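Just below is one structure, and these are the notes that go with it.
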Amino acid sequence: MRMKMVCADCGYERSWMEYAIKCTCGGRLEIKQDFGGLDGEKLKALFQKRLAERVSVYASGVWRYKELILPELPEENIITKYEGNNGLYTSERIRRSMGIRNLYFKALSENPSGSFKDNGMTAAVSHGRYLGYSRFACSSTGNTSSSLAMYAAMGGASAYVFVPESGISMNKVLQTWAYGAQVIRFDGTYDDGISFLERKGKELGLYVCNSVNPLRIEGQKSIIYETAQYLNWELPDWIVIPGGALSNVSALGKGLEDLKQLGMIAKLPRIALVQAEGASPFHRMMAEGKDRLIPEPHPDTTASALKIGNPPSWPIARRVLQLCQGVTCSVTDEEILESKRRIDQAGIGCEPASAASLAGLNKLMREGTIDKEETALCMLTGNLLKDTDILRAQITETAIMTSPLTVEAVQRVL
Ligand SMILES: Cc1ncc(COP(=O)(O)O)c(C=O)c1O
Ligand SMILES: N[C@@H](CCOP(=O)(O)O)C(=O)O
C-alpha cells in the first residue's frame, strides 16, 4: 500500500481504509505516504497538463494532485466541487505601503463553500463515503460546518454539526443549515465540541470531519501544491498564515515536506503563524519556550473563526515550525480589522480571521523579523461574506448616504 495511518505517539500503523481520529493510546494520527517510484519532474508535467481539465475529477485543485493525496482511492468515489483553483493576487497599493519587495495573497476564500476547509473536506467526505459511512459530524465555528454540510449533501449523506450557541457568525450557521445539515447548538466553545466528538463520535456511528481526522490534512496539503505550481515551483521567502486549531499550518508543513522530498521545490520557505491575541495559546507556548500547550479556557476575538483555546494539532504545528524555521506572533483585533479593511479595499476581500495574516506580516516587518528585501505570501482563508458582523457595525457608523435621485444631489458626492 502507498499510504498508511500512523500514530504520532506510539507508532502503531493502521490501513488508510479504516476510520480513526485518535489512536487507542490517545495519540494523534498522521498519514504516511510512500512516494517511492514517483518522479518530481514527471509529476510537474502531469499536474501542468491537468490544468486544462474542465469536467473530470482532475479539474479540482485538490484532486489534480491525487497521486500525493489519496493515490489508492478509486476515482468514482471522489466527491468534488472542483475546489481549489484559487486565485493568487498581488496588491501594488498594499505592497508599496508596506515597502516589501514582493507580496502575494492566496485567496482560499474563493473555494466553493467560501473557505480553505473545502480542500480538506473533499478528501475526508470522499474517504468516509468510500468506507460506507452515511452520517458525518464536526464541531465548528462555522466554516468547517458549512464545508461539511455542502460535501455531505453532494454525496447524499447526512451532516450533524455542533456549533457554539454564541460568538460565531450567523451567516455561516445559515449556510450550513441551508445545505441541509442538522445544526446542534450548544453552550460552550469549539474545543468542547471537539472533545465531545473525540470521546463519543464513534459510539454514535459518526464519521468525524474535524482536522483531527488525518484525511483532512492530506486534502489541505493541496493548498501549497497549487500555490507552488502557480508560482512555477518557486515559493516566496515567507508564507504567513492565521492559526486557530492549527490544521492549516500542519497541512502546509506536510505539503512542503512532500514537495521538497520529491525535488519539486529547491528550498523550504519560512512560515509565520499568526494568532489573535485573545486566542493565542500556541503563540504563548512558543514565545515562552514551554514544551506543553496551556489551553485558553475563554478564547475571545472579533475574528470568530479563531475562537479556539485548545488547538488539537499543536504538536504537529510545533514540528512544522521547527522544520521551516518558523516564527509565531499574535495580533490585536484592531490590527486584524485594519488589515481586513486594506484587503477588502484592494478588491480581494476576506473575513476577519484571514486578515490576521496581513496584520502579522505587518507586525513581523515592524519588529524586523521579516525584512523588506524578502518576499511573502499571505493565506486568505475565508470569504468576505462569511463573517459580516463587523461590517454591519461599521456601516451604521459611517452610514450609507441616502439622496434624492437628482443630478444636483448626486453631483455633491462625486
Ligand atoms: C477563516 C479561517 N481562517 C483561519 C482559521 C484557522 O485555521 P486553523 O484552525 O487550521 O489553524 C479558521 C478555522 O480554524 C478559519 O475558519
Ligand atoms: N475555524 C474552524 C475551527 C477549526 O476546525 P477544524 O476543521 O480544524 O477542526 C471552523 O470553521 O470550524
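One table, with the values for the structure above:
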read-out	value
Verdict on LYS44 being of a type in the set (D, E, K, R) and surrounded by 15 or more Cβ atoms within 10 Å (Cβ to Cβ)	yes
Search result, residues across the range 182-213 that are more than 18 Å from the chain's Cα centre (by Cα), part of a loop (DSSP other than H, G, I, E, B) and closer than 20 Å to GLY132 by Cβ	GLY201, LYS202, GLU203, LEU204, GLY205, LEU206
Filter result for the condition that a residue is closer than 27 Å to ALA279 by Cβ, more than 14 Å from ligand 1 (Cβ to nearest atom) and either open to solvent by 10 Å² or more (accessible area, probe 1.4 Å) or out of contact with any Lys or Arg (no Cβ under 8 Å at 6 or more places or on another chain) (or both), over GLU76, GLU165, GLU92	GLU165
Of all residues in the range 1-22 being outside any strand (DSSP E or B) and over 20 Å from GLY120 (Cβ atoms), the one that is modelled with the lowest pLDDT	MET1
Residue check for ALA149: under 25 Å from VAL183 (Cα atoms) and open to solvent by less than 10 Å² (accessible area, probe 1.4 Å)	yes
Single unsatisfied condition, GLU338 versus (1) buried (at least 23 other Cβ atoms within 10 Å of the Cβ); (2) more than 18 Å from ALA376 (Cα to Cα); (3) of a type outside the set (Phe, Trp, Tyr)	(1)
Those helices (runs of 4 or more DSSP H) lying entirely in the range 252-361 with at least 1 residues closer than 19 Å to LEU108 by Cβ and within 13 Å of ligand 1 (Cβ to nearest atom)	314-323, 333-345
Cross-chain or 6+ apart pairs with Cβ under 9 Å, the range 295-309 first and free of Cβ contacts under 8 Å to residues at least 40 places away in the same chain, then among the basic types (Lys, Arg) and away from ligand 2 (no atom under 14 Å from the Cβ)	GLU296/ARG284
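The values are calculated or read from the model by the stated rules, or taken from the named source; none is laboratory data. What you see is a predicted model, and the numbers here were worked out from it, not measured in a lab. As a convention, Cβ positions derive from the backbone with ideal geometry for all residues, glycine included, and neighbour counts pool all protein chains shown. When the accessible area is computed, the model is the full protein with side chains, heavy atoms only, and any ligands, DNA or RNA have been set aside. Shrake-Rupley method; radii C 1.70, N 1.55, O 1.52, S 1.80 Å.
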